[in-house]
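Q: Here it is: the structure, laid out below.
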Amino acid sequence: MRCVDVGTDLVEFAFESQAVDFCPVDAARLARQSWSNNVRAGLTGELRRQGGRYAQVVEGPCSEVLKLAARILADPRHAAIRVLALRALPARRHAGWVVSGFDLGVTQPPPRPSADSYRFLPARAGGRLAGLAAS
């Protein structure tokens, strides 16, 4: 790779990895987070899930791509990572961010109740349960 200006030069990072087993809800969450984070960082490219593998191409400013590459390489949700490219680009090849192979219609499981989600009401004398206690 030629010498690049980390702050401004356009680079591409491409990799594939084996997906670590997790449920469809977690996979959909990963796809949504990827889309949200990458769009916010000004990155373009594609995340594709096929079978038990991920393939991703990311392009953008060198500083942002390097930060993302470091996070991906340390992420336990990816195993057997194979880096396909890390190189300077003369121009973007992707117009936006694309995610494919994920069921994004998967709904979140209901949250587990916590102590804060319960509300206790004072007991009323002569209420519906009073007759049960007498039986």
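The values are calculated or read from the model by the stated rules, or taken from the named source; none is laboratory data. As the structure is a computational prediction, the values presented were derived from the model and not from experiment. Note that we place each Cβ from the backbone using ideal geometry, even for glycine, and neighbour counts take in every protein chain shown.
Q: Among the residues of the range 41-63, is any in contact (Cβ under 8 Å) with a residue 60 or more places away in the chain and either of a type outside the set (S, T, N, Q) or closer than 15 Å to G101 by Cβ (or both)? So that I can check it myself, show each step before the final result.
A: The initial filter retains those residues of the range 41-63 that are in contact (Cβ under 8 Å) with a residue 60 or more places away in the chain, namely none.
No - not one qualifying residue is present in the range 41-63.
Q: For R49, state whether it is assigned to a strand (DSSP E or B), modelled with pLDDT under 90 and basic (K, R).
A: Working: assigned to a strand (DSSP E or B): yes; modelled with pLDDT under 90: yes; basic (K, R): yes.
The answer is yes for R49.
Q: A follow-up question, please. Return the residues of the range 4-28 that are polar (S, T, N, Q) and at pLDDT below 80; say none if nothing qualifies.
A: Once the filter is applied, which keeps residues that are polar (S, T, N, Q) and at pLDDT below 80, the range 4-28 yields only T8.
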